[in-house]
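Worksheet: the structure to be examined is printed underneath.
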């Protein structure tokens, strides 16, 4: 939006409140900001404030924070700071009043937040005034388990739809706010809410730091964030995620690996409750293994599981976090037919556990579906409304059942593509991509409720290893085929290299009906005149990921879990020569952005450039370790110098939040690189 805009006109998207889960269509109201209405709401006109923001006499925390967010973004867009007043002190002079939250005036106009669904909000104009109202309370409005944030979500919808605000990555630079000197809107009457019941990324320790439950591990500091910057980054991520409407975790059924550790607790007394190996013995070959699967057909075990259940609303039956299931005749009799020809990209879920030749080969989806159904029928005798949390559809239970077993909507599971290396991470081969869709549809045909919980965002280390269209297409497909919510493991926070995909995912979780090409345009628009060059830059890396898909899989194939060992072999996946064409595109983008009057365009290109340079420094270190956890003696001096340069770069640029350096240092590098001798050498300089 350019300066001197007389009227900002846009259409808010129409979505079913609560994600189409039980609310009648009658509550939905089409939304239109138009210039033809007799009354107008004017916030700013020709650079002059024409409205005040009004809260209740004693606003709750959510409303107060929502008002602050509205005022700050309007000021960034126009240079005008709107005054915030409480309801008893509303002046007569303003042309418009923007009522934020639960007020007496809102109730007199028929807007009662207590009658609204969770996370929903009303945007309604009355005369020249605007009401933004939803459920609210004095809990932390940034906490994703808090559903009483309708007022805040209403403000964010207003900022997106009217001002064109976009939140791309953590921090002020990642907040794209088009400049204007006039904000005017016509009549509006809308009830809306996020389409998905729950929407979240797992971001572990940094979230705990933001919420004050943890501090930075001192061992991460030498090669990662400084403690104060880590806290600033964590706070910025928390704000970013809420602005993009992450949340709804109060509505997410609990999931987990229910039977992990049971072998150690009960196996000695009841070995018959646990998986039989091919050799006829019970348990895993490794006696210390926690993830020993159960013998689901054992009725004595079923009775014991129910005896441990408290009779509450949820019965958890999540399988262990390891492939391989019971080989006894009774369990095998519950299995469906196996494919005559195993798909070449899915061998690891049909063949024997590749880490230990001990377990049943094949898909056990029908077996576990029967187990869940059996347990539900028994549990209903105590609680007719019990929800069975089957937890995860992954490992041996990932392929859809083949026996046409019928389940119901009181069984819930989350779809986790975590099996063969050709399926774990996008991009995947096209044939595998279509097969993934078929498995989703097959599970939905059983009648269960489904969420989406993929692991592919683990991938890529600090490199520009990503794609956007394939993963986004699957997300939209899942939403169109019954997905009620999504939780991603994990938010590694590589904003300057993989940020385009992260942004697309945030936008789709807030509104899965959006067009992916439109989301991409939003992202690139934040680079101003460099938008086209930046699109070609990101397209180069996405094309690289597809062109080298099979080669990169091969790099990690027999070496371990790719997501955890990426730092050891990053130089093989992305050799130095792969950076040369991308560098030229970045140079072009930087020249175009530098010529613009708006300095933030150049700063954003420099942000992406920081990620690029950081990736090059990281692959240099990976090449020196060269697949080993210890540096060879003849490389010590070179490695010490390389680490010194890498650390200096991180410390100089950490305030940009270009990378979650806590995740980088703790999850990827310190687990695989023995940097202690190098740090000792640096300390002695």
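The numbers here are math on the coordinates, done by the rules we state, and not lab data. Please read these numbers as outputs of a predicted model, since none were measured by experiment. Cβ placement follows ideal geometry from the backbone for every residue including glycine, while neighbour counts extend to all protein chains displayed.
General remarks:
- Three-way shape call for region 142-246 based on the alpha-carbon gyration tensor, with the a/c threshold at 1.5: oblate
- Within region 25-193, percent of DSSP bridges classed antiparallel, to nearest 5: 60 percent
- DSSP-defined antiparallel bridges as percent of all bridges, the chain, nearest 5: 40 percent
- Efficiency of FRET from Cβ geometry, residue 250 and residue 473, R₀ 35 Å, rounded to 0.05: 0.75
- Relative intensity, log₁₀ I(q)/I(0), of region 547-635 from a Debye sum that treats every alpha carbon as a point, q = 0.23, 0.24 Å⁻¹: -1.09, -1.14
- Between the helical axis of 430-445 and the longest alpha-carbon principal axis of the chain there is an angle of about 90 degrees.
- Whole-number D in µm²/s for region 25-193 (Stokes-Einstein; Kirkwood sum over Cα pairs; 20 °C, 1.002 mPa s): 134 µm²/s
- Straightening the chain between residue 380 and residue 430 buys 13.7 nm, computed as 0.36 nm per residue apart minus the Cα-Cα spacing.
- The slack in the chain from residue 438 to residue 289, taken as 0.36 nm per residue of separation less the alpha-carbon distance, amounts to 50.3 nm.
- Region 430-589: C-alpha gyration tensor shape, a/c 1.5 cut-off, then a/b vs b/c: oblate
- Degrees, to the nearest 10: 227-243 long Cα axis against longest axis of the chain: 80 degrees
- Estimated at 0.36 nm per residue, the fully extended path between residue 330 and residue 652 surpasses their Cα-Cα distance by 109.7 nm.
- Eigen-decomposition of the gyration tensor built on the alpha-carbon atoms of region 563-607 gives equivalent ellipsoid semi-axes of 31, 13, 4 angstrom, largest listed first.
- By average C-beta atoms within 10 angstrom, highest first, the peptides 308-315, 149-156, 242-249: 149-156, 242-249, 308-315
- FRET efficiency for residue 645 and residue 108, using Cβ-Cβ distance with R0 set to 51 Å, rounded to 0.05: 0.20
- Cα gyration tensor shape of region 262-452, rounded if a/c is under 1.5, else prolate or oblate by comparing a/b with b/c: oblate
- Packing-based order for 133-139, 633-639, 432-438, using average beta carbon neighbours within 10 Å, highest first: 133-139, 432-438, 633-639
- When each of the peptides 386-395, 56-65, 106-115 is scored by how many other beta carbons lie within 10 Å of its residues on average, the order from highest to lowest is 386-395, 56-65, 106-115.
- Only helical runs count toward this figure. For the chain, summing -39,500 (n - 2.57) over DSSP H runs of n ≥ 4 and dividing by all residues gives -11500 deg cm²/dmol at 222 nm.
- Computed E for residue 139/residue 517 - FRET, C-beta separation, R0 35 angstrom, nearest 0.05: 0.40
- Share antiparallel - DSSP beta bridges, region 262-452, percent rounded to 5: 15 percent
- With Cα atoms, 0 to 90° folded angle of helix 495-510 axis to the chain main axis: 80 degrees
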